Amino acid sequence: MIILRSVLFNIAFYINLIAQMIVMTPIYFLVPRKTAWFVPKNWARSNHWLFKTIVGTTFEIEGLENIPKEGYIFAPKHQSFWDVYALLPWLSDPFFILKRELVWIPLFGWYVQKQRMVPVDRGARGRVMAAVMQRTKDEMATGRQLIIYPEGTRRPPGAPPHYKYGIARLYRDLAVPVVPVVMHPGLFWPRRKFLRFPGHFKVRILPPIEAGLDPDVFLQTLVDVMEKASDQLLVETVKDNPHLPLPPTAAQRLKELQAQA
């Protein structure tokens with residue numbers, strides 16, 4: 001049944017994506033930029049419904065009260081394609097710093113350009129990076145939320161931490177709070193696999209780390225806070241979903257935590 005449900009979900013997911021693009025694209029490009037956010041947010045909500053209805057996977061969000069009212073950096077764990085879109089409905093006007101090659105993709109690139117995402121050449125230096133930072137500051141000045149994955153790329157649940165220093169530079173230069181977010185969607189929607197697993201998990205939004213710390217102190221604080229919360233949530237998630245097949249990284253981390261206890 002898991003294989004069948006996974007196949008059905010993947011088919012429905014891409015049909016939903018294509019259908020909404022066909023139907024909603026004209027509206028998206030006609031309405032004002034901020035209003036247009038309802039299109040991708042509605043797509044995210046419809047994906048949640050598909051995940052629940054076809055696979056049997058649900059989630060809840062804890063800590064919404066920790067989200068600041070003004071501009072901030074939203075820093076979630078990144079394990080799955082799920083967490084790329086899933087939390088958009090709870091953010092008022094987010095944006096990403098993304099690879100410039102994504103802007104060149106037909107239609108998708110037009111979508112991200114309308115929302116004033118900030119493209120960057122990852123090999124760029126000097127004045128190019130200064131221009132990227134200035135664009136980011138300009139967007140933050142309007143009260144928007146910058147989404148940054150502190151580890152840069154998708155990591156399997158329980159994997160050793162591998163945080164990039166880039167978020168510390170952004171924290172220093174933007175001078176705004178950073179909101180850490182931990183979750184384990186990778187147990188239900190594993191990276192680079194088509195299988196989807198039923199169950200229930202939590203997204204935990206932690207209290208913000210306020211602006212003003214030394215960048216090195218900030219980064220160590222972020223790692224300590226996120227990894228402790230992530231470990232706690234991993235134990236809870238596995239306990240609540242004993243049927244889940246665990247990736248080796250999660251199984252190993254659970255053994256380490258049990259040994260420490």
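Could you list, in sequence order, the residues of the stretch 21-53 that are part of a helix (DSSP H, G or I) and either on the phi > 0 side of the Ramachandran plot or in contact (Cβ under 8 Å) with a residue 60 or more places away in the chain (or both)?
21, 25, 28, 29, 36, 37, 40, 51
Answer yes or no: is there a residue in the stretch 28-37 that is aliphatic (A, V, I, L, M), surrounded by fewer than 18 Cβ atoms within 10 Å (Cβ to Cβ) and touching a strand residue (DSSP E or B) at 6+ places or on another chain (Cβ under 9 Å). No: zero hits.
Looking at 71, 63, 109, can you tell me which residue is open to solvent by less than 50 Å² (accessible area, probe 1.4 Å), under 18 Å from the mean Cα position of the chain (by Cα) and modelled with pLDDT under 95? The conditions single out 71. Criterion applied to 143, 126, 166, 158 was being of a type outside the set (D, E, K, R) and either at pLDDT 95 or above or in contact with a Leu (Cβ under 9 Å, 6 or more places away or on another chain) (or both), and the one residue passing it is 158. Checked against (1) at pLDDT 95 or above; (2) over 16 Å from residue 59 (Cβ atoms); (3) touching a Phe, Trp or Tyr at 6+ places or on another chain (Cβ under 9 Å); (4) outside any loop (DSSP other than H, G, I, E, B), residue 213 meets all criteria but (4). For the stretch 123-140, the criterion of being part of a loop (DSSP other than H, G, I, E, B) and buried (at least 18 other Cβ atoms within 10 Å of the Cβ) is satisfied by no residue at all. Every test in (1) at pLDDT 95 or above; (2) under 15 Å from the mean Cα position of the chain (by Cα) is passed by residue 97 save one, and that test is (1). When each of 61, 73 is tested for being in contact with a helix residue (DSSP H, G or I) (Cβ under 8 Å, 6 or more places away or on another chain) and either closer than 20 Å to residue 211 by Cα or without any contact (Cβ under 8 Å) to a residue 60 or more places away in the chain (or both), the lone residue that passes is 73. Of all the residues in the stretch 79-104, those that are farther than 18 Å from residue 37 by Cα, open to solvent by 50 Å² or more (accessible area, probe 1.4 Å) and touching a Phe, Trp or Tyr at 6+ places or on another chain (Cβ under 9 Å) number 2. Residues in the stretch 159-184 that are closer than 25 Å to residue 197 by Cβ and open to solvent by 20 Å² or more (accessible area, probe 1.4 Å): 160, 161, 162.
The values are calculated or read from the model by the stated rules, or taken from the named source; none is laboratory data. None of these values were measured; they are calculated from a predicted model. Here the Cβ is made from the backbone with ideal geometry for all residues, glycine too, and neighbour counts use every protein chain on show. With ligands, DNA and RNA removed, areas are computed over all heavy atoms of the protein, side chains included. Shrake-Rupley method; radii C 1.70, N 1.55, O 1.52, S 1.80 Å.
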